[in-house]
Amino acid sequence: MDETMIKTELRPELRGSYDPNADVLHLAVGEPAAVEGTGFAGGIELDYDIKSGMPCAVLVFGYFRNGWPEKTEALSKIISEHLAVSGEGLSATIRGIIGK
């Protein structure tokens, strides 16, 4: 999986990648860490750093299968709230990572 590094003044460093074979979008903040996740409808998994308990990543399983391209604003809200990053421009960031 290629990682796209996204940096803005509005949010902490945000790492993102998309695996087209598995149809999985991954967005994370901070340094890579061991995580625990909680799954939700629509293929959403919210991950937490095992050591600190802090939110650190969002995985979206079945990004296309679950219709997220048509709901990027809703997905951006989930991501920005979980990772405590600005939602401004996040939809465009997601589209850039996906490559569409």
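The values are calculated or read from the model by the stated rules, or taken from the named source; none is laboratory data. All values reported here derive from a predicted model rather than from experimental measurement. Note that we place each Cβ from the backbone using ideal geometry, even for glycine, and neighbour counts take in every protein chain shown.
Residues in the stretch 22-31 that are at pLDDT 95 or above and outside any strand (DSSP E or B): ALA22, ASP23. The number of residues in the stretch 41-61 being under 18 Å from THR93 (Cα atoms) and either in a loop (DSSP other than H, G, I, E, B) or touching a Leu at 6+ places or on another chain (Cβ under 8 Å) (or both) comes to 6.
Residue count for the stretch 62-100 under the criterion of being part of a loop (DSSP other than H, G, I, E, B) and modelled with pLDDT under 95: the result is 8. If you go through the stretch 50-84 and pick out every residue that is of a type in the set (D, E, K, R) and in contact (Cβ under 8 Å) with a residue 40 or more places away in the chain, you end up with 1.
Put simply, of ASP19, ASP47, ASP23 the only residue that is in contact (Cβ under 8 Å) with a residue 40 or more places away in the chain and not aliphatic (A, V, I, L, M) is ASP23. Take the conditions (1) at pLDDT below 95; (2) out of contact with any strand residue (DSSP E or B) (no Cβ under 6 Å at 6 or more places or on another chain); (3) not charged (D, E, K, R); LEU14 misses just one of them, which is (2). As a summary of the residue check, LEU27 satisfies the conditions (1) more than 19 Å from SER76 (Cβ to Cβ); (2) surrounded by 15 or more Cβ atoms within 10 Å (Cβ to Cβ) except for the one numbered (1).
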